[in-house]
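Structure, as structure tokens:
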Ligand SMILES: [Zn+2]
């Protein structure tokens, strides 16, 4: 699971291995990113607002990617490696215009994977994809699950 979401919804839905390309609003790092991985509970007993990095005393910020910042290197490296190695890629609800994430489906296509794009709009990903399912993910994905289950049962 590779996501541009920062809201932890995939983890709450039960996905175990989530690569967060744009970070997480539930993690914190110090202002210059030297120390990372803090969560709100780490500062439960601290009165100072806003809380400061326990290791260097610098102000903390959400561990998300702001405009103009690079994506976390380990996350994009891993997403690219998985994209180049997968058999099937399901692309859901992305505009397909924010790079480097938008290049991941193209990596999968080049590597010979079957790419399925679920999107209300026919965009650049749909053009490159093997299968384009037009519609909202919340409507198309349950139908896809039913179809796959019927196929596997039949
Ligand atoms: Zn720090």
Worksheet item: Would you call residue 28 within 16 Å of the ligand (Cβ to nearest atom) and touching a helix residue (DSSP H, G or I) at 6+ places or on another chain (Cβ under 8 Å)?
Response: yes
Worksheet entry | Residues that are under 17 Å from residue 89 (Cα atoms) and without any contact (Cβ under 8 Å) to a residue 60 or more places away in the chain, drawn from the range 17-33 | 17, 18, 20
Fill in: Some residue of the range 74-89 being on the phi < 0 side of the Ramachandran plot, touching a helix residue (DSSP H, G or I) at 6+ places or on another chain (Cβ under 7 Å) and assigned to a strand (DSSP E or B)
yes
Practice prompt. Identify all residues within the range 34-56 that are in contact (Cβ under 8 Å) with a residue 12 or more places away in the chain and away from the ligand (no atom under 15 Å from the Cβ); write none if there are none.
Written response: 40
Worksheet entry | Subset of the range 1-15 that is in a loop (DSSP other than H, G, I, E, B) and in contact (Cβ under 8 Å) with a residue 12 or more places away in the chain - its residue that is surrounded by the fewest Cβ atoms within 10 Å (Cβ to Cβ) | 15
Response to the item:
Only one of 91, 98 is closer than 30 Å to residue 134 by Cβ, modelled with pLDDT of 95 or more and assigned by TED's automatic domain parsing to the domain that holds residue 120, namely 91
Discussion item. Looking at the range 102-154 only, could you name the residues that are surrounded by fewer than 12 Cβ atoms within 10 Å (Cβ to Cβ) and assigned to a loop (DSSP other than H, G, I, E, B)?
Written reply: 112, 121, 154
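The values are calculated or read from the model by the stated rules, or taken from the named source; none is laboratory data. If you're wondering where the values come from, they're calculated on a predicted model, not measured in any experiment. Glycine also receives a Cβ, built like all others from the backbone with ideal geometry; neighbour counts cover every protein chain displayed.
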